[in-house]
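**Q** The structure under discussion is supplied below as structure tokens; questions concerning it will follow.
No lab work stands behind these numbers, since they all come straight from the coordinates. Model, not experiment: these values are computed from the prediction. Here the Cβ is made from the backbone with ideal geometry for all residues, glycine too, and neighbour counts use every protein chain on show.
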Amino acid sequence: MRHAAALGSSKASSGKARWKAEALLEELRQVATKLGLEVREEKLLREVGYSVRSGRCRVREQNLVLLDKDLPAPTRLELLLEVVAELDLGDIYLSPELRRMLGREET
């Protein structure tokens, strides 16, 4: 998860990093909504016989991104970054930090 590593990992900065990840995650949710995706954070149950994980899916003509709410914010951010990075962002505004994390820095 290369993007989440940019948020810092020391114990002293963990609170600040968590807050930053939550703020970026909220911005990314808004971007995803503008792109026609519904982002849901739900408890993804795991039982014997099948495996469930966060990611993009399509249900009855609706594009969804399911994020396991039990995952830490940096991990949820990374998963949503991977989904959004595959899409055409057109002229959607992105903060400089989010643009950098998506690898779409303007030159």
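**Q** Can you tally the net charge around residue 69? Count Lys and Arg as +1, Asp and Glu as -1, for every other residue whose Cβ sits under 12 Å from the Cβ of residue 69.
**A** Working: positive: 40, 43, 76; negative: 41, 42, 68, 70.
Charge balance in the 12 Å sphere: -1.
**Q** What net charge is computed for the residues neighbouring residue 80, neighbours being all others with C-beta under 13 Å from the C-beta of residue 80, Lys and Arg scored +1, Asp and Glu -1? Please report the intermediate quantities before stating the final value.
**A** Values: positive: 29, 40, 56, 69, 76; negative: 22, 26, 27, 38, 41, 68, 78, 82, 86.
Result for the local shell: -4.
**Q** Under the rule of at least 5 residues apart or a separate chain, name every residue whose amide H is placed under 5 Å from the amide H of residue 44.
**A** 69, 70
**Q** So what are the ³J(HN,Hα) numbers for segment 86-102, from phi and the Karplus equation (6.51, -1.76, 1.60; θ = phi - 60°), rounded to whole Hz, Gly and Pro as x?
**A** Per-residue couplings from phi come out as 7, 9, 7, 7, x, 9, 6, 6, 10, 4, x, 5, 5, 4, 5, 5, 7 Hz.
**Q** Only loop residues by DSSP count here, and only those with at most 13 other Cβ atoms within 10 Å; note down the chymotrypsin sites (Phe, Trp or Tyr not before Pro) in segment 13-105 that meet that. Spell out each step's value before the answer.
**A** Values: sites: 19, 50, 93; in loops: 93.
Answer in residue order: 93.
**Q** Using amide H atoms built in the peptide plane, which far-off residues or other-chain residues are under 5 Å from residue 38 H to H?
**A** 63, 64, 65
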